[in-house]
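Worksheet for the structure shown next.
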Amino acid sequence: MIITYRIAAVCAALCAMLCCLSCSSDHENKARSSQATIADNAELALMYQQDQADRMADEIDWDSVHVRDEGRQSRVRQLMVSDSLVTADDYFHAAMIMQHGGDSTAFRAAYDLAARAVEIDSTHEVASWLYAAAWDRYLLSTGQRQWYGTQYLTVHDTTFLFPIDTAKVTDVERERRGVRSLDQIRAKLAEDNGSDVGLLQLADSLNPWYSGRK
């Protein structure tokens, strides 16, 4: 009789445990499902599309584009303050808009937003590239050399690479971010310039950020 009671007690405990695990699993599944169904911020998505469209027109009035950029960046800041960014794409869209700002504050915001996008979704390849590009642009805007090698400038049909500190990151890290290796950068410069020698450095006087644009 005692054995029967003990078996019954064990069975009851197992049932309770299984029920608990089942409830926990259901809760986790519902949480995952809820996260998966969160929609991107529609306003941010539209602003991102407008940002890209401004840069793909056949003829670009940059003065007008910069005015629209400032309006989009102002709105992004408002959305950030109101915690309206949720998904990886929300953060990516906001990051790209801030990447088109004109000072180190905007570029640093772009970097932080891209970093958050990659944190949410490590497979977001474009956000990973933007993480590197925004960091490079931020460094240049503060008078430092870029790390990854994403920032170029064309002057009189010659393509230059903004100054780069080649010791800061490895080609493995560049590849992880979707950025060209140093050899690939050299090859691109050689191809663009019709020369066997890639121009790896840009005179500081040609750098708009070095010359006082903050």
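Quick notes
- For Leu161, the conditions (1) assigned by TED's automatic domain parsing to the domain that holds Arg177; (2) under 16 Å from the mean Cα position of the chain (by Cα) are fulfilled apart from (2).
- So Ala114, is it in contact with a helix residue (DSSP H, G or I) (Cβ under 6 Å, 6 or more places away or on another chain), crowded, with 22+ Cβ neighbours inside 10 Å and either closer than 22 Å to Gly143 by Cα or modelled with pLDDT under 95 (or both): yes
- Every residue from the range 84-117 that is of a type outside the set (Ser, Thr, Tyr), under 19 Å from Gln146 (Cβ atoms) and within 10 Å of the chain's Cα centre (by Cα): Ala95, Met96, Gln99, Ala110, Asp112, Leu113, Ala114, Ala115
- Looking across the range 59-88 at every residue that is among the small types (Gly, Ala, Ser) and either outside any helix (DSSP H, G or I) or not assigned by TED's automatic domain parsing to the domain that holds Tyr48 (or both), the one that is farthest from Ala42 (Cα to Cα) is identified as Ser82.
- In the range 103-120, the residues that are without any contact (Cβ under 8 Å) to a residue 60 or more places away in the chain, out of contact with any Asp or Glu (no Cβ under 8 Å at 6 or more places or on another chain) and not β-branched (Val, Ile, Thr): Ala106, Phe107, Arg108, Ala109, Ala110, Tyr111, Asp112, Leu113, Ala114, Ala115, Arg116, Glu119
- Positions within the range 136-179 being part of a strand (DSSP E or B) and either touching a strand residue (DSSP E or B) at 6+ places or on another chain (Cβ under 6 Å) or in contact (Cβ under 8 Å) with a residue 40 or more places away in the chain (or both), in sequence order: Gln146, Tyr152, Leu153, Val155, Thr158, Thr159, Phe160, Leu161, Ile164
- Evaluation of Trp147 against (1) modelled with pLDDT under 95; (2) surrounded by fewer than 23 Cβ atoms within 10 Å (Cβ to Cβ) (one fails), failing number: (1)
The values are calculated or read from the model by the stated rules, or taken from the named source; none is laboratory data. Predicted, not measured: the structure shown is a model, and the values here were computed from it. Because the Cβ atoms are built from the backbone with ideal geometry, glycine has one as well, and the counts that use them run over all protein chains shown.
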